[in-house]
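The values are calculated or read from the model by the stated rules, or taken from the named source; none is laboratory data. Here the structure is a predicted model, which is why all the values come from computation and not from measurement. Cβ placement follows ideal geometry from the backbone for every residue including glycine, while neighbour counts extend to all protein chains displayed.
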Amino acid sequence: MERAEKLLEEVQIPDPGARLRQYPHQLSGGQRQRVMIAMALANRPDVLIADEPTTALDVTVQAQILNLIKDLKDKYGMAVILITHDLTVVRQFSDYVYVMQNGRVQEHNATEALFANPQHAYTKHLLNSEPKGTANPLVGEHDTVLEGKSVKVAFTLKRGGFFKPDFFELKAVDNLDIKLLRHETLGIVGESGSGKTTFGQALIRLINNQGGEIFFDGQPIHDKDRAAMRPLRSRMQIVFRDPFASLNPRMSIRQIIEEGLIVNNIGANGRERLDRVRRALKDAGMPDGILNRFPHEFSGGQRQRIAIARAVALEPEFILLDEPTSALDLSVQAQIIDLLRKLQDEKGLSYLFISHDLKVVRALCHRVMVMQHGKIVEQGPVADVLTNPQTEYTARLVRAAFEIAA
């Protein structure tokens with residue numbers, strides 16, 4: 001137990017003694033990834049294969065984890081094979097790079113040489129795929145689609161052993177206010193464990209809040225139970241982080257997208273629902289000839305498009321996007337950002353965009369809120385917050401996102 005606690009401490013998990021007795025569902029995505037790294041390091045391996053080890057982590061923790069792996073590599077003479085789609089990470093932490101496409105190595109070279117002078121067209125394409133552009137500006141007056149006042153979500157956690165338990169309250173969302181305008185994209189950023197996803201899920205009543213008021217299109221929803229929320233569900237949708245986990249592997253693509261239509265009694269008959277399914281796939285940039293295929297037959301980027309099609313099929317007014325691009329490589333990330341922007345303009349959608357990737361936030365969001373320990377420490381227009389941060393915490397996030405390769 002002492003050794004396990006030391007390992008959790010080594011991968012910078014706060015309060016490792018208490019965390020040892022918790023279960024995976026009680027940790028944030030980033031904390032779970034750190035536990036995986038601790039497990040891999042427990043046997044002091046000669047070779048560590050790190051397969052996207054920082055995908056689920058925010059930028060500051062990403063830098064800490066990679067520095068940790070680098071220090072352990074130097075300390076124990078360990079070799080590391082780093083598999084990643086994040087070119088910033090590659091540039092900062094690799095000595096030598098292999099670029100793969102369709103099962104083949106297209107190019108390999110020392111890191112600096114490859115970045116300075118890429119030879120293959122695919123390498124050049126990857127290097128040019130950083131998220132670009134900004135959100136189209138909002139014109140005129142817009143009404144509020146989603147509002148939260150003093151929203152609070154708390155969890156009771158246990159420290160100590162079986163005979164001397166010590167319970168304490170963790171405020172994941174600490175009396176927060178939020179206002180999202182129609183046709184706007186509002187970003188929520190912060191380190192893993194800062195309460196971003198919990199806040200988003202509380203706002204659309206996927207989890208219960210312990211205090212505060214929530215309004216959707218002017219209608220109070222904080223006191224509604226599951227049955228009372230049902231009529232509103234088609235108007236608010238969610239796209240999850242992991243396209244490999246969020247689609248049912250036993251259902252065909254048609255069943256996955258049609259399920260929401262059936263549950264919400266949308267479409268007069270099977271033919272009308274099928275037309276809606278085809279239209280949603282087309283909107284999401286997927287061919288409609290894939291209806292009878294299954295999720296395992298698609299890449300991560302294609303699955304995320306299918307998840308987006310499932311959301312837009314119900315013609316919602318609001319979509320909660322919970323890290324929808326974090327599991328995707330850079331070139332696919334750029335396509336998904338363009339798709340979300342296009343859908344917003346065509347359908348007048350409002351997005352609440354939860355992310356730890358500030359480059360994606362800069363490309364997609366109008367405003368941004370920065371969260372830390374369940375509180376909002378800074379908010380404002382994206383350009384203002386990212387170019388002139390007012391708090392040291394935001395400045396640290398910005399440095400880690402944009403200057404890691406410097």
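Some notes on this structure:
- Residue in segment 210-221 that is under 28 Å from THR134 (Cβ atoms) and polar (S, T, N, Q) present: no
- Test: LEU170 is in contact with a Ser or Thr (Cβ under 8 Å, 6 or more places away or on another chain) and buried (at least 19 other Cβ atoms within 10 Å of the Cβ): no
- Set ALA311, ALA334: member being of a type in the set (Gly, Ala, Ser), closer than 28 Å to GLY267 by Cβ and under 17 Å from the mean Cα position of the chain (by Cα): ALA311
- With respect to (1) more than 23 Å from ARG305 (Cα to Cα); (2) outside any strand (DSSP E or B), the lone exception for GLY200 is condition (1).
- The residues listed here are ALA227, ALA245, ALA268; of these, the one that is in the same structural domain as ALA202 (by TED's automatic domain parsing), surrounded by fewer than 14 Cβ atoms within 10 Å (Cβ to Cβ) and not acidic (Asp, Glu) is ALA227.
- Scanning segment 380-406 for residues that are surrounded by fewer than 19 Cβ atoms within 10 Å (Cβ to Cβ) and closer than 19 Å to ALA135 by Cβ yields GLY380, PRO381, ALA383, ASP384, THR387, ASN388, PHE402.
- Single residue of segment 1-17 satisfying the filter (crowded, with 17+ Cβ neighbours inside 10 Å and hydrophobic (A, V, I, L, M, F, W, C)) that is farthest from HIS373 (Cα to Cα): LEU7
- Cβ-Cβ under 7 Å pairs, at least 6 apart or on other chains, segment 120-137 side closer than 15 Å to HIS108 by Cα, far side acidic (Asp, Glu) and surrounded by 12 or more Cβ atoms within 10 Å (Cβ to Cβ): HIS120/GLU107; THR123/GLU107
- In segment 161-178, residue farthest from ILE204 (Cα to Cα) [restricted to those that are touching a strand residue (DSSP E or B) at 6+ places or on another chain (Cβ under 9 Å) and free of Cβ contacts under 8 Å to residues at least 12 places away in the same chain]: PRO165
- Segment 336-391, residues that are at pLDDT 90 or above, within 22 Å of THR197 (Cβ to Cβ) and charged (D, E, K, R): ARG362, ARG367, LYS375, GLU378
- Output for segment 1-37, where each listed residue is of a type in the set (Gly, Ala, Ser) and at pLDDT 90 or above: ALA4
- In segment 114-148, the residue that is surrounded by the most Cβ atoms within 10 Å (Cβ to Cβ) out of those that are in contact with a helix residue (DSSP H, G or I) (Cβ under 7 Å, 6 or more places away or on another chain) and among the small types (Gly, Ala, Ser) is ALA135.
- The set of residues in segment 1-37 that are more than 16 Å from SER192 (Cα to Cα), under 26 Å from the mean Cα position of the chain (by Cα) and not in a helix (DSSP H, G or I) comprises LEU20, GLN22, TYR23.
- Residues of segment 9-52 satisfying the condition of being touching a Pro at 6+ places or on another chain (Cβ under 7 Å) and over 22 Å from LEU328 (Cα atoms): GLU9
- Subset of segment 160-197 that is in a loop (DSSP other than H, G, I, E, B) and of a type in the set (A, V, I, L, M, F, W, C) - its residue that is modelled with the lowest pLDDT: PHE162
- Pairs with Cβ under 7 Å, 6+ apart, first in segment 187-209 and assigned by TED's automatic domain parsing to the domain that holds ASP384, second in a helix (DSSP H, G or I) and of a type in the set (D, E, K, R): ILE188/LYS196; GLY190/LYS196
- Residue match in segment 93-111 (condition: surrounded by 14 or more Cβ atoms within 10 Å (Cβ to Cβ) and in contact (Cβ under 8 Å) with a residue 60 or more places away in the chain): no
- Selection status of ASP46, within 27 Å of ARG3 (Cβ to Cβ), loosely packed, with under 13 Cβ neighbours inside 10 Å and free of Cβ contacts under 8 Å to residues at least 12 places away in the same chain: no
- ARG205 vs. criteria more than 15 Å from LYS149 (Cα to Cα) and surrounded by fewer than 22 Cβ atoms within 10 Å (Cβ to Cβ): no
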